[in-house]
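Notes follow once the structure below has been shown.
Each value in this text was obtained by applying a stated rule to the coordinates, not by laboratory testing. Since we're looking at a predicted model, the values are computed, not measured. Ideal geometry is used to build each Cβ from the backbone, glycine not excepted, and the neighbour counts take in all protein chains shown.
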Amino acid sequence: MHQELIDAITEMNEEEALAIAGRLLDQGASPVEVLDDCKAAMEVVGKRFEAGDCFIPELIFAGDILAQIARLVKPRMASSGQTPHKIGKVVIGTVQGDIHDIAKDIVAFMLDINGFEVTDLGVDVAPERFVEVAKETGAKIVGLSGFLTLAYEPMKATVAQLRALDPGIHVMIGGGQMDDQVRDYTGADAYGKDAMAAIALARGWA
Amino acid sequence: MLPENFATLTPELKLEARLADWMSTDGKPFASPEAAEKYHARAKRYADVIQLREPDRVPTTAFTGDLQQHFTGATLGDYFYDYPKAAAHAIEFFERFPELEYFPASNFEPGPVYDKLGYTLYRWPGGKLGPNQGFQYVEGEYMGADEYDALIKNPDGWLLRTYMPRVMPGVAGLANIPVLLGTTELPFVPFFFAGMAAPPVTAALETLLEVGRMTLEYMGAMGQTVGYAVFGQGMPMTLGGFSKAPFDFLGDTLRGTRSVMMDLFRRPAKVLAACEALTPLAIKMAVDAAAGAGVPFAFIPLHKGADGFMSDADFDKFYWPSLEATIRGIVAEGVVPAMFVEGGYNSRLARIAEANLEPGTTAWTFDQTDMANAKKFFGPWAAIGGNVPGSLFQTGTPETMRAYVAKLMDTCKPGGGFFMAPGVVLDHAKEENFRAWLEAGLEFGKY
C-alpha cells in the first residue's frame, strides 16, 4: 500500500495523485499494486459517502482521477501478465424507456472498483437484453436502474423474465423514484439507495 | 389589469396587485357565472395559502405530466404531434376528474417545433423515442470548460451565438449574427444589416419565423384546453413562468452533471462567476413569463442541490447564494417563486430558513423531504406542499393513499400555508389511486 497515493485521491488532489501514480509505476511498482491503492482510496471515499461526509461531486471526481490512473496503468498491466481478482459478475443497465445514466454509471464504476466484473448494458435496455446477457455471462446479480416512474413497469417485466431464466438470480433496483414499495411491486430482491448500498448487496450475494 | 403606477410599487404591493389581477374575474371570458365564482373561490384559496392565511380548505394541485395520456388512451406522441387530439383528450381528462380544482400542467408539447430546430438536448415521444416513451434529457457536456469566460462576460450573447446553434442546428446561422454595436450609428447600420443578410443568418431567421408560427398553432390548441378548464370550469392556472437555480442552469444542460461536479474542484471560481452571471437572466425569465401570462407564479424545479448531491458546505457555497438571489429578485417583482424541490432537502431546511426570506412570498413543493421538518422550518414563512410519493400513486391502493393523505394533513395542515400535491410530476398512476388522492384531499382538507 502506498499511503501517499491513497491520501492524494481521498483528498481530491488530482495533480498530486497522478504524479504519485506515475512516479510509483516508473519506480517499478506493480500495476496491480497501484490499482489496489486506488481501490483502497475508493473504499475510503465510499465509506465517507455512506457516512454522509462526502457526496456525488467527490464520487465523480475521485472516479475521474481513478480513470486517469487506470489509463496510466493499463499498458503496463498487459506486459506484466497480472489480472486483478474478480469476486463476482454483475449485469447492470437502465431499464427500457429510461435514458438516464449518471447514477447507473456511478454504481457500475463502484462495483468494478470493488472487485466485480461488471457488464454495463447502457440505457433503455429491453428485458430480453438483460436476460440474454445474464445468460451469456453467467452473472447471478443484476442491477436495474431507473430515474423516472415510467421505469416501474419495465423493471417488473425485466425481473419476471430474469426469474424465468433463473429463479435464483439476484436483482437489485435503484434510482431517483425507486423505494421499497417499488421493490415489492417489481418483485426485485432488494432496493439500494446508492452505490454503497449496491456494493453491500452484491457482496452479500457474491 | 395591473395599476398604472405598478412599476413604482413596493414588492409587497406588487404581489398584492398581481394576485388581485390573477384572482379577478372581471373582463375574463368565463362561460358561466358559476365558473367565474368557482374560479375566484379557488384562486383566493390558493392565494391565502401563499400568503400564509388559513383558507377554508387545503387546495389540491398536481402536475399531470403523462397522466392524461395514459388515462384517456392517447399516446405520449399524440401529445407532441397531434394537437387537436391532445386537446380533446385533455378535455376528456378534465371531464373525468371534476374534483380537479387547478389547471394541471401536462406534457402537451410542440413536437414539430423541436424537430424543426433539430433540438439535440432532449429525446421525445413520437420523435426519436417510441410513441409511449416519456421525453428525456440527453446527459452531456454542451458547454466546454474553456467557454466559461465567454458565458460569464456575456451570457445572453453566448447563448445566442454559440449555444443555440449547437443545440438547435436548425438555427445554426445565429452564430453569424453581427455584434449589435452596429446599430448605434447611421453609417454602421448598412454594415450591420449586410451581416444580417448573410445566407446562414437569413436562413436561421426564416426558421425562427416559421417556428414562431408553428408555436402559435400549438398555443391555439393549448388555448382550447385552457378555455375549457379555466374559463369553462373555473380552474385557475398556478404556473405562469419557468426558471431554475443558476447552478442548475449551468449544471443541467450547459456543462452537464459530470462536468459541473468536477468543476467544483477544478475551477470553483468560474462556477461561482457563471452562477452570478446567470442570475439576472434567471430572474427576468421567470418574471417576464409570469407577467405575460397574468399568472404570478414561477415554477422553479431544483435539481443538483438535493441531499446527497453535494455537501452542506458546497450547497452553501455553490448552490444557495445564486438561488437565493434569484428568489429575492423574482419576489421583488411581485411574482411568487414556486420551488419544486426534487429529491430530499432534509439537511437544507434549516440553512434555507436562516436566509429569512420575506414571509408569504414563496411556495415549496417537496418530494422526499420530511414534512414535519418542512413545516417546522418553513411553515412560519413559506407555503409548503407536495410529498405524496409517485410510487404510492402507481403501486399503492386507495386505502394506503387515503391513510397517507390523512397523515400528511395532520402534519402540515394546522395554521394554513399548506397545499396538497404529489411530490413528483405525475406520469403514471393507477386511476383509483389518483381518485382516492383527490377525494382524500377534499375530505381531510377542511379547516
**Study point:** Qualifying GluC sites (Glu not before Pro) in the stretch B:256-354, DSSP loop, other Cβ atoms within 10 Å at most 11
**Key:** B:GLU354
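Whole-Å semi-axes of the protein assembly as shown's equivalent ellipsoid, largest first, each the root of 5 times a Cα gyration tensor eigenvalue?
Working through the eigenvalues yields semi-axes of 42, 32, 25 Å.
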**Study point:** Set of lysines near A:LYS74 by C-alpha distance (under 20 Å), chain-local residues within fewer than 8 positions excluded
**Key:** A:LYS39, A:LYS86
Point to revise | FRET E, pair B:VAL179, B:ALA332, Förster distance 41 Å, beta-carbon r, rounded to 0.05 | key: 0.85
**Study point:** 222 nm mean residue ellipticity, helices alone, for the protein assembly as shown (DSSP H n ≥ 4; -39,500 (n - 2.57); rounded to 500)
**Key:** -16000 deg cm²/dmol
Review point. What are the trypsin sites (Lys or Arg not before Pro) within the stretch A:4-101 that DSSP puts in a loop, where the Cβ has at most 15 other Cβ atoms within 10 Å?
Key: A:LYS86
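To the nearest whole number, what is the average tally of beta carbon atoms from other chains within 10 Å of the beta carbons of peptide B:388-398? Before the final figure, lay out the partial values.
Values: counts 0, 5, 7, 11, 2, 1, 8, 10, 2, 0, 0.
The shielding value for this peptide is 4.
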Check your understanding: Which residue fluctuates the most in chain B, going by a Gaussian network model with Cα springs under 10 Å, if the choices are B:GLY379, B:GLY241, B:GLY195?
Key -> B:GLY195
Point to revise | GNM result for chain A, Cα springs below 10 Å: residue of A:GLY46, A:GLY97, A:GLY175 fluctuating most strongly | key: A:GLY97
Review point. So which residue, out of A:LEU111, A:LEU72, A:LEU144, gets the largest mean-square fluctuation from a GNM of chain A using Cα contacts under 10 Å as springs?
Key: A:LEU72
Revision key, fill the gap. Filtered hits (aspartates and glutamates, Cα-Cα < 16 Å from B:LYS153, offset >= 8 within chain) -> B:GLU276
Check your understanding: Points 7 angstrom from Cα along the Cβ direction at B:GLN224 and A:ALA51: gap in nanometres?
Key -> 6.2
Exercise for review: Using the structure shown, list the pairs from B:LYS28/B:LYS85; A:LYS104/B:LYS244; B:LYS85/B:LYS430; A:LYS193/B:LYS317; B:LYS44/B:LYS413; B:LYS14/B:LYS244 with a Cα-Cα distance above 19 Å, or answer none.
Suggested key: B:LYS28/B:LYS85; A:LYS104/B:LYS244; B:LYS85/B:LYS430; A:LYS193/B:LYS317; B:LYS14/B:LYS244
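Rank-order B:211-220, B:55-64, B:242-251, B:280-289 by packing density, defined as the average count of other C-beta atoms within 10 Å over each peptide's residues, highest first.
Working: B:211-220: 13.9, B:55-64: 22.7, B:242-251: 25.3, B:280-289: 20.2.
Highest-to-lowest ranking by the protection proxy: B:242-251, B:55-64, B:280-289, B:211-220.
Calculate the FRET efficiency for A:ASN13 and B:LYS446 from the Cβ-Cβ distance with a Förster distance of 60 Å, rounded to the nearest 0.05.
0.50
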Check your understanding: Could you put B:LEU181, B:LEU129 in order, starting from the residue whose Cβ has the fewest other Cβ atoms within 10 Å?
Key -> B:LEU181, B:LEU129
Practice item. Give me the distance between the Cα centres of the stretch B:150-178 and the stretch B:241-289, rounded to whole Å. Key: 17
